[in-house]
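Take a look at the structure below.
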Amino acid sequence: METVRYESAEGFARHVNDLRRSAFASQRRVLVCCGTGCLAGGAQQVAIEMDKQLSALPAAKRTELNLVMKKTGCHGFCEKGPLVVLMPEGTFYKGVKPKDVADIVHRTIANGEVLEHLLYVEPKTGERVARYGDIDFYAKQMRVAMRNIGHIDPASIDDYLLRGGYASMVKALTTMSPEDVLVEIEKAKLRGRGGGGFDAGRKWRSAKKAMGDRRYVICNGDEGDPGAFMDRSIMEGDPHGVIEGMIIGAYAVGSHDGFIYVRQEYPLAVEHLRKAIDDARGRGLLGKNILGTGFDFDIEIARGGGAFVCGESSALMRSVEGKVGEPRAKYVHATEKGLFDQPTVLNNVETWVNVPRIIEKGADWFTSLGTDRSKGTKAFALTGKVKNTGLVEVEMGTTLREIIWGPGGGMIDDGPKGKFKAVQTGGPSGGCVPESLLDLPCDFDSLTEVGSMMGSGGMIVMDHSTCMVDVARYFLSFLTDESCGKCVPCREGLLQMYGIVSRICEGQGKLEDLEQIESLSQTIVVGSLCALGKSGPNPVLSTLKYFRDEYLAHIQDKRCPAGVCKALITYKVNHDACDGCGACLRSCVSQAISGTIRKGETFQIDEMKCDRCGACATVCKRAAIAAA
Amino acid sequence: MNDVDLAPTNEILSKYPADARHLVSVLQDIQLAYRYLPRQALEKVAETLGVPLAKVFGVATFYKAFTLTPRGKRVLRVCTGTACHIRGAPLLLTELQKRLNIKPGETTEDLEFSLEVVNCVGACALAPVVVVNDTAHGNLTVSRVRRLLSTKEKASSSNQEEEN
């Protein structure tokens, strides 16, 4: 297709109409997921093979099929990758390998035959499901922020246009005043999806009112919370959605310069955003005099440097300025003096991508979703010990139980240790929610009330093989590592807490330690400038509140009930279950296992030699080795 | 150490306006080009962007993406995100430390391997994950992670092969 530049809203509408009627729009599609997860599973090889097989078809057949292969962004079902979806039929294949491609092309595509062995099996019913939309994982979701992901080729602006892309921006710029746009966002009660849940409309309003020479809009793509990857998925899979949201926001507050700050660990997101920005600029959707309206706006990408604290707004802005990313006190808001000391609106990826949807469908539609104080939907990264791990977008207010046993498909392990124990939400600032609170609706306020947080939407499900004291230690180690060091209570207090909890894990804990932890926590909360310190004690406090018995088991009985803390466990062979295969013997690098490899024989583990690496337990096919 | 070729540094610097605000971006490109930040390059950057050398070092040591010592040919980054943690990442890390005889942040003497930890690579569904250079390997176990240290060809294909 020749390059087009839209000089006006009419020109844009004309081109989109032409596009709708073009051969491009009527093509059948083979969608190969090439998100980070699927790539790790070998999606690149699948795509290459698919391309080869499709071009090898006879020319007449190719015209008849009118087929095109698209490399899409992350479908969010990474665990089952690489994924291949055939549209418009919606046939969904999981775990596709390059050797399967020939069958897909010759049998499914050419003959309409469904390949049973590549279909997804619903864990609840044991039935094979042929179509995308019928899979519980997708059927129980409501995708607003992620509605394009997996359906479009993120490298193709035309794909985005065919899904109604940039129409909201055109609507805003040509039929609404900046004030109208702002009022619509205020009415929608859109709250920031990055963690704080601050009202986006209020933020925009105060940046608009603030005095300044220039105004900036920033997209925070520094998704640092471990266990959250919805922003990665959105930036990789729907980069134009983020850009469109930012243009609308910039128009509303009167900004001409935007930045997207992407963390260093997401190279693919940077690549896709770069391409999208270049394409949008080429079409005249970014740059000077957009659509002939006289409005100028452009976006620059800033890459992060691998510092968790840079996800904090004031630290992020220092980082964009090329400085050390340390937070500052917030008595003056970033909306008044932010980036380069100018009024700045900073929202996260998921917040921005919601903006075009609100303009398209109206604030009333948006507020019809969700709970009283949390409107719309929220994407969660559901991971850990659940059957279906991946990205799940549901209406605000959906309960934890509905998420974990709905799209999540329930717990992964049916054994005694596989029972649900806790779900960790909100990353290092959040907490662990126990079974008794599973019917809690997920919105900003309810999760905070029980000592956790919505955060950016990480949701890590834990079963009885997870030690809660170890989890607390894990987050403390994370936070001590990531504390920028500016506020002493955060820097030193977290370190001390880490020391105490580590001692407990090693069986050296005392009962007084628990009081010490609580008192330290108070100091850290009061004495820290940013949320890293202010919410840093949450993981420890929430585990202490709901799983005190585990702390006591470590302290009083010198026992780790989950079998995780190395100093308190030993690996033992269950001689009745062992069949003498010898896999453990071969896997042990410490020569701690003795015995003869023969059917009917069994093995002994020498506790003194064993370094508790756990290799033997993972290779044992009969689950005869366990820590206790 | 004295014979660092500054041509890549100069080329990188020529792509950015001489403004302190581009310091982080410039350092990122230099890190990519050399796989570390050579002192001479930092001096050049300080001079060109008009930032004191101490400030440049401040930034270079603040961000985890930067290293001041050369890194190995294969950088193994063990994801220690929460999802990876509860699915056994600490076991993988101990195993790699033991095998390579280095700690996270260090490089083997033959400059073959560097070991690093990273807080989350956003591939939680495949936990636990180790990223070797730019390739993510998911669903690892202690015995499978050992294979990442064998020959290059094997390392890149060992991943999902035996998954099903």
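The values are calculated or read from the model by the stated rules, or taken from the named source; none is laboratory data. What you see is a predicted model; the values in this text were computed from it and never measured. Positions of Cβ are generated from backbone atoms using ideal geometry, with glycine treated the same way; all protein chains shown enter the neighbour counts.
Miscellaneous remarks
- Sole residue being among the β-branched types (V, I, T), in a helix (DSSP H, G or I) and closer than 20 Å to A:G196 by Cα, chosen from A:T448, A:T480: A:T448
- Test: residue in region A:459-477 that is outside any loop (DSSP other than H, G, I, E, B), aromatic (F, W, Y) and closer than 16 Å to A:T543 by Cβ: yes
- Among the conditions (1) among the small types (G, A, S); (2) facing chain B (nearest Cβ under 9 Å); (3) crowded, with 24+ Cβ neighbours inside 10 Å; (4) under 20 Å from B:L91 (Cα atoms), A:A472 misses just one, which is (2).
- The set of residues from region B:65-107 being under 14 Å from the mean Cα position of the chain (by Cα) and either touching a residue at least 40 places away in the same chain (Cβ under 8 Å) or part of a helix (DSSP H, G or I) (or both) comprises B:P70, B:R71, B:G72, B:K73, B:R74, B:V75, B:L76, B:R77, B:V78, B:C79.
- Screening region A:123-152 for residues that are touching a residue at least 60 places away in the same chain (Cβ under 8 Å) and assigned by TED's automatic domain parsing to the domain that holds A:L67 and picking the one that is surrounded by the fewest Cβ atoms within 10 Å (Cβ to Cβ) gives A:K124.
- Enumerated helices (runs of 4 or more DSSP H) restricted to region A:210-316, each holding at least 3 residues that are away from every other protein chain (no Cβ under 14 Å), under 25 Å from B:Q28 (Cα atoms) and more than 17 Å from the chain's Cα centre (by Cα): A:267-282
- In region A:302-321, the residues that are on the phi > 0 side of the Ramachandran plot form Cβ pairs under 7 Å with partners that are at pLDDT 90 or above, at six or more places apart or across chains, as follows: A:G306/B:Y63.
- Of all residues in region A:594-615, those satisfying the criterion of being surrounded by 14 or more Cβ atoms within 10 Å (Cβ to Cβ) and more than 41 Å from the chain's Cα centre (by Cα) are A:G595, A:E601, A:T602, A:F603.
This table checks each residue for (1) within 12 Å of another protein chain (Cβ to nearest Cβ); (2) at pLDDT 90 or above; (3) in a loop (DSSP other than H, G, I, E, B).
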site	(1), (2), (3)
B:N10	no, yes, no
B:L23	yes, yes, no
B:D29	yes, yes, no
B:L32	yes, no, no
B:A41	no, yes, no
B:K44	no, yes, no
B:E47	no, yes, no
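- Among (1) assigned to a helix (DSSP H, G or I); (2) in contact with a Ser or Thr (Cβ under 6 Å, 6 or more places away or on another chain) - the single one A:V144 does not satisfy: (1)
- Residue in region A:11-32 that is within 14 Å of chain B (Cβ to nearest Cβ), part of a loop (DSSP other than H, G, I, E, B), touching a residue at least 24 places away in the same chain (Cβ under 8 Å) and not aromatic (F, W, Y) present: no
- Residues located in region A:425-441, provided they are buried (at least 19 other Cβ atoms within 10 Å of the Cβ), outside any helix (DSSP H, G or I) and touching a Gly at 6+ places or on another chain (Cβ under 7 Å): A:T425, A:G426, A:G430, A:G431
- Checked against the criterion of being polar (S, T, N, Q) and under 23 Å from A:P416 (Cα atoms), region A:524-542 contains not a single residue that satisfies it.
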